[in-house]
Each structure stands twice: as C-alpha cells, then as structure tokens.
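*Asks:* Can you read through this structure? Questions will come right after.
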Amino acid sequence: MPTLPWTTPNTPPAGAEAHVFASRFETRTLWGALKFLARTPFIWRQVGRAQGAYGATLKAAPLRRTFWTLSVWESPKALRGFAATAPHSAISAGLRGQMKDSTFLTWDASTDELPLHWKDVLRRFQ
C-alpha cells in the first residue's frame, strides 16, 4: 500500500478557504508499522463518512516504518470532530506507544487548489 488515492468525501465549494492537515508518523518497529497498516482501513472508511472532509490521502513506506497523511477540512472544528470520534480516537490512542516520531502541519488553502500534490506536501516536512 504505497499511496491511497485522493478521495473526496464531500464536494468543497469553489473558491472557499479550507483547513489542511498533514502528518508524518514513524513507528519504533516493523511490528508497529504492521499495526498501523492493519488499522488504516477503519480510519479510511471513517474519513469517507466524515462531515466537513474535503479530501484525504495516505502515503505509506511500511518497510521504512514511515507514514504520511494528508487531509483537507471545512474547518479546524471539523478536523477536531473527526479526530475525537471513533474509530480514529481509539486507534490513535492505541498506536501512541508504537510511535518513534510524529510531526503535524496545518495551513490554509483554497478549495480551488484541490487535490493537493504529495510533492508539495513532502517539501513542507523538510
């Protein structure tokens, strides 16, 4: 599973401002990476039903124990609502001990720029 394709759960209005959230996770062990992968489909389904989600994708390098997520939301409140709801809330809490390093980035973008491109997002992590 190198990259999950961009999915658009809710069609964003043209020309609106959106809240972008990107994360980079590195697990301590390969076992932790496998646990992350095993739980990904549950969260991916949740994103597909999430109120205020304008788009999402995931990039995985499991043998390097590294994962990146990218999602775009109607607002920071919509993102917080998603993160606080099961299964995301329980899965993220359960994986916390598996993480070696986590980095989170947020910024605003126009919905006219969607979908965002991994090349531009990964540059922000450097």
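The values are calculated or read from the model by the stated rules, or taken from the named source; none is laboratory data. Owing to the predicted nature of the structure, the values given are computational and were not obtained by experimental measurement. In this analysis, Cβ positions are derived from the backbone assuming ideal geometry, glycine residues included, and neighbour counts consider all displayed protein chains. Accessible surface areas use protein heavy atoms only, side chains included; no ligands, DNA or RNA. Shrake-Rupley method; radii C 1.70, N 1.55, O 1.52, S 1.80 Å.
*Asks:* With the structure loaded, tell me whether D101 is under 23 Å from P2 (Cβ atoms), in contact with an Asp or Glu (Cβ under 7 Å, 6 or more places away or on another chain) and at pLDDT 95 or above or whether it fails that test.
*Replies:* Working: under 23 Å from P2 (Cβ atoms): yes; in contact with an Asp or Glu (Cβ under 7 Å, 6 or more places away or on another chain): yes; at pLDDT 95 or above: yes.
Yes, satisfied.
*Asks:* Same structure, new question: Give the residues of region 86-99 that are free of Cβ contacts under 8 Å to residues at least 60 places away in the same chain and either in a helix (DSSP H, G or I) or touching a helix residue (DSSP H, G or I) at 6+ places or on another chain (Cβ under 7 Å) (or both), sorted by residue number. Break it down stepwise before answering.
*Replies:* In the first step, residues of region 86-99 are kept if they are free of Cβ contacts under 8 Å to residues at least 60 places away in the same chain; the result is 86-94, 96-97.
Result: P87, H88, S89, A90, I91, S92, A93, G94, R96, G97.
*Asks:* Within region 100-122, take every residue that is assigned to a helix (DSSP H, G or I) and over 17 Å from G52 (Cβ atoms) and give me the one that is farthest from the chain's Cα centre (by Cα).
*Replies:* We begin by selecting, within region 100-122, every residue assigned to a helix (DSSP H, G or I); these are 111-113, 118-122.
Remaining after also requiring over 17 Å from G52 (Cβ atoms): 112-113, 118-122.
On the way: D112: 20, E113: 17, W118: 12, K119: 15, D120: 15, V121: 12, L122: 13 Å.
Looking at residues that are assigned to a helix (DSSP H, G or I) and over 17 Å from G52 (Cβ atoms), I get D112.
*Asks:* Among the residues of region 13-46, write down those that are open to solvent by less than 60 Å² (accessible area, probe 1.4 Å), part of a helix (DSSP H, G or I) and either touching a Gly at 6+ places or on another chain (Cβ under 9 Å) or not hydrophobic (A, V, I, L, M, F, W, C) (or both).
*Replies:* Within region 13-46, G32, K35, T40, P41, Q46 meet the criteria.
*Asks:* Which members of region 1-12 meet the condition of being of a type in the set (A, V, I, L, M, F, W, C), assigned to a strand (DSSP E or B) and open to solvent by 60 Å² or more (accessible area, probe 1.4 Å)? Spell out the reasoning first.
*Replies:* Of region 1-12, the ones of a type in the set (A, V, I, L, M, F, W, C) are 1, 4, 6.
Adding the requirement that they be assigned to a strand (DSSP E or B) leaves 4, 6.
Hit for region 1-12 is W6, nothing else.
*Asks:* Now, a different point. If I ask for residues that are out of contact with any Asp or Glu (no Cβ under 9 Å at 6 or more places or on another chain) and touching a residue at least 60 places away in the same chain (Cβ under 8 Å), which ones from region 34-58 would you list? Steps first, please.
*Replies:* We begin by selecting, within region 34-58, every residue out of contact with any Asp or Glu (no Cβ under 9 Å at 6 or more places or on another chain); these are 34-50, 55-58.
Once the filter is applied, which keeps residues that are out of contact with any Asp or Glu (no Cβ under 9 Å at 6 or more places or on another chain) and touching a residue at least 60 places away in the same chain (Cβ under 8 Å), region 34-58 yields K35, F36, G55, T57.
*Asks:* While we're on this one: State whether one or more residues within region 39-49 are among the basic types (K, R) and touching a strand residue (DSSP E or B) at 6+ places or on another chain (Cβ under 6 Å). Show your work before the answer.
*Replies:* Taking region 39-49 as the starting set, the residues that turn out to be among the basic types (K, R) are 39, 45, 49.
With touching a strand residue (DSSP E or B) at 6+ places or on another chain (Cβ under 6 Å) added as a condition, the list becomes none.
Checked against the condition, which is being among the basic types (K, R) and touching a strand residue (DSSP E or B) at 6+ places or on another chain (Cβ under 6 Å), region 39-49 yields no hits at all.
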